[in-house]
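This report concerns only the one structure given below.
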Amino acid sequence: MSDVTDKPNAGEDVSEVDPEINPGWKPLLWFGIGLMAIIASGDLIFDLIINVLGFLGDAIFILVEGSEELFIEDKLEDWFELSPREAELITAWTITPLKILLGIFVLRWLWRYCRTKLVPRVIHWIKKQLKILKLSWSFLWWPWKGVILTMLIGSLFVFI
């Protein structure tokens with residue numbers, strides 16, 4: 001069995017191909033339950049994503065702007081007897097370019113890490129899971145396929 005699209009032979013043992021792949025009922029059950037859970041909690045997942053993005057935006061704002069407002073500008077006002085506007089201008093012209101340069105380097109490092117290590121691992125894991133699902137589905141006897149499809153479609157109607 002050289003490709004994911006190949007069907008296994010009746011005498012071929014799947015565990016000989018890849019010891020981690022073990023098709024059966026369990027992957028199909030996990031897939032069906034996970035699909036139903038995602039559909040049922042779609043609104044909750046959307047609200048969670050919006051809240052997490054809002055929290056990240058606030059955290060980035062505090063990291064970038066909060067350090068200037070709380071520490072640097074106040075110290076500059078005290079040490080050099082400057083007005084708040086002058087202290088704001090000094091930090092804007094001196095510290096902001098350094099923060100932008102640091103942000104560029106951090107984003108560049110994240111991009112390289114994701115492209116070389118994270119994304120290939122995720123793609124490999126997804127391909128393996130899809131292969132397990134496909135093999136589990138191909139090993140099922142045809143009446144069970146109809147029962148599973150009917151149950152999935154019925155549960156989707158209930159959840160939607």
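The values are calculated or read from the model by the stated rules, or taken from the named source; none is laboratory data. Small disclaimer: the values here were computed from a predicted structure and weren't measured. Cβ sites come from the backbone with ideal geometry, for glycine too, and all protein chains shown count toward neighbours. These accessible areas exclude ligands, DNA and RNA; they are computed on the full protein's heavy atoms, side chains included. Shrake-Rupley method; radii C 1.70, N 1.55, O 1.52, S 1.80 Å.
What the table below lists for this structure:
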quantity: Residue in segment 37-73 that is nearest to Leu156 (Cα to Cα), counting only those that are small (Gly, Ala, Ser) and free of Cβ contacts under 8 Å to residues at least 12 places away in the same chain; calculated: Ala37
quantity: Ile126 part of a helix (DSSP H, G or I) and under 30 Å from Trp25 (Cβ atoms); calculated: yes
quantity: Evaluation of Ile132 against (1) of a type in the set (Val, Ile, Thr); (2) under 29 Å from the mean Cα position of the chain (by Cα); (3) loosely packed, with under 13 Cβ neighbours inside 10 Å (one fails), failing number; calculated: (3)
quantity: Segment 96-108 residues that are touching a residue at least 24 places away in the same chain (Cβ under 8 Å), paired with ones that are open to solvent by less than 90 Å² (accessible area, probe 1.4 Å) (beta carbon under 8 Å, 6 or more apart); calculated: Lys99/Val64
quantity: Residues (within 16 Å of the chain's Cα centre (by Cα) and of a type in the set (A, V, I, L, M, F, W, C)) located in segment 19-60; calculated: Ile38, Ile45, Phe46, Leu48, Ile49, Ile50, Val52, Leu53, Leu56
quantity: Residues within segment 135-155 that are within 28 Å of the chain's Cα centre (by Cα) and outside any helix (DSSP H, G or I), tallied; calculated: 0
quantity: Residue match in segment 144-160 (condition: more than 22 Å from Ala37 (Cα to Cα), out of contact with any Phe, Trp or Tyr (no Cβ under 8 Å at 6 or more places or on another chain) and exposed (fewer than 12 other Cβ atoms within 10 Å of the Cβ)); calculated: no
quantity: Residue that is least open to solvent (accessible area, probe 1.4 Å) [pool: residues in segment 15-67 that are among the charged types (D, E, K, R) and within 30 Å of Leu98 (Cα to Cα)]; calculated: Glu65
quantity: Residue match in segment 92-100 (condition: small (Gly, Ala, Ser), over 33 Å from the mean Cα position of the chain (by Cα) and in a helix (DSSP H, G or I)); calculated: yes
quantity: Leading residue by the ranking (surrounded by the most Cβ atoms within 10 Å (Cβ to Cβ)) among those in segment 74-109 that are in contact with a helix residue (DSSP H, G or I) (Cβ under 7 Å, 6 or more places away or on another chain) and over 12 Å from Val64 (Cα atoms); calculated: Ala87
quantity: Residue within segment 87-101 that is touching an Asp or Glu at 6+ places or on another chain (Cβ under 6 Å) and of a type in the set (Ser, Thr, Tyr) present; calculated: yes
quantity: Lys127 being open to solvent by 70 Å² or more (accessible area, probe 1.4 Å) and closer than 24 Å to Ile39 by Cβ; calculated: yes
